[in-house]
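Please read the structure below before turning to the comments.
The values are calculated or read from the model by the stated rules, or taken from the named source; none is laboratory data. Nothing here was measured: the structure is a model prediction, and the numbers come from that model. Cβ placement follows ideal geometry from the backbone for every residue including glycine, while neighbour counts extend to all protein chains displayed.
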Amino acid sequence: MLRTITHPAEGNAPVYDPLGVRLRGLEMTRLETFVDASFAFSVTMLALSPDRIPTSFQEMYDLLRGIPAFLFSLGILMLFWNSHVVFSRRFGLEDRPIKLLSILYIAAMLIYVYPLKFMSTAFFGYYFPILRTPDFLKAGTSNDLASIFIAMAAGFVVISILNALMYVHAHRRRRELALTEHERRVSRCEITNSLLYAGIGVLSILLAIVFRNGIAVISAGFVYALLGVVIPVYWVRFGPTNEQIRDATGG
């Protein structure tokens, strides 16, 4: 069943997002609150010093060296958090499939946060020596690095696919949600967008497997830079134009 969808008050104009999709879920639900709380806990797990306050200059220096990795990891988490928020605001769905997908979304995120933080710390420490801590990668092989790349990419792929499945479910209920043709098109674009994310994650896994015994394994990390090219090009080529958005929102 659909949860109660929040409609604009009589006499008030509908509310739209920047892509021209009417916002049907304008009120926070218990599910959204739970998801937000879980993301907040994930951020706590990323914290610079989650167990205790530094008690020496060396510990404080080590904490400060972790700031770039923390901010980078936080940015990735916020990217996925925002995707869930946008979906909830657009469709206001809280039926069984969405509850299940949201729970799986949370579980994947709580697992993904560990390899994400580890690889972020390793990346900044390797390429910026000033950010290295005394115990920076004291042991390990390229095979170990490949394993972490695979774990991180697997989480990235799972989260991306779950995001796509939520939009697939909303598209299936397009009649009950009274989605316009424009909104259906945006939903299809969002599905493809998430699958592109998943595709880059799969490519990272393949590179980690192929190059797991050599220095070229780092290509499994740099491949994510493709998202900065592929995603904007996709939305420019296939996403809604400004004219279509104006038509959908009545100007």
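For first residues located in the range 224-251 and farther than 18 Å from residue 17 by Cβ, partners that are aromatic (Phe, Trp, Tyr) and lie 6+ apart or on another chain with Cβ distances below 7 Å form the pairs 227/197. Any residue that is among the hydroxyl-bearing types (Ser, Thr, Tyr) and at pLDDT 90 or above - is there at least one of those in the range 84-92? There is at least one residue in the range 84-92 that is among the hydroxyl-bearing types (Ser, Thr, Tyr) and at pLDDT 90 or above. What are the pairs, 6+ residues apart or on separate chains, where a residue within the range 128-142 that is under 11 Å from residue 64 (Cα atoms) and at pLDDT below 85 has its Cβ under 8 Å from a residue that is acidic (Asp, Glu) and assigned to a helix (DSSP H, G or I)? From the range 128-142, the pairs are 133/62. When 171, 182 are checked against the criterion of being more than 23 Å from residue 222 (Cβ to Cβ) and in contact with a Ser or Thr (Cβ under 7 Å, 6 or more places away or on another chain), 171 stands alone in meeting it.
Do you know which of the residues in the range 82-100 that are of a type in the set (A, V, I, L, M, F, W, C) and buried (at least 20 other Cβ atoms within 10 Å of the Cβ) is farthest from residue 35 (Cα to Cα)? First the steps, then the outcome.
First pass over the range 82-100, keeping only residues of a type in the set (A, V, I, L, M, F, W, C): 85-87, 91, 93, 98, 100.
Those still in the list that are buried (at least 20 other Cβ atoms within 10 Å of the Cβ) too: 87, 91, 93, 98.
Values: 87: 13, 91: 16, 93: 14, 98: 12 Å.
If we take residues in the range 82-100 being of a type in the set (A, V, I, L, M, F, W, C) and buried (at least 20 other Cβ atoms within 10 Å of the Cβ), then 91 is farthest from residue 35 (Cα to Cα).
The residue that is surrounded by the most Cβ atoms within 10 Å (Cβ to Cβ), among those in the range 14-43 that are at pLDDT 85 or above and of a type in the set (Ser, Thr, Tyr), is 42. Here residue 179 meets the list (1) of a type in the set (A, V, I, L, M); (2) without any contact (Cβ under 8 Å) to a residue 60 or more places away in the chain; (3) farther than 30 Å from residue 241 by Cα; (4) surrounded by 21 or more Cβ atoms within 10 Å (Cβ to Cβ) almost entirely, failing just condition (3). Only helices (runs of 4 or more DSSP H) whose full extent lies in the range 71-179 are considered here, and the ones with at least 1 residues that are among the β-branched types (Val, Ile, Thr) and over 22 Å from residue 46 (Cα atoms) are 96-127, 142-172. In this structure, is residue 220 without any contact (Cβ under 8 Å) to a residue 12 or more places away in the chain and of a type outside the set (Val, Ile, Thr)? When the stated conditions are applied, residue 220 does not pass them.
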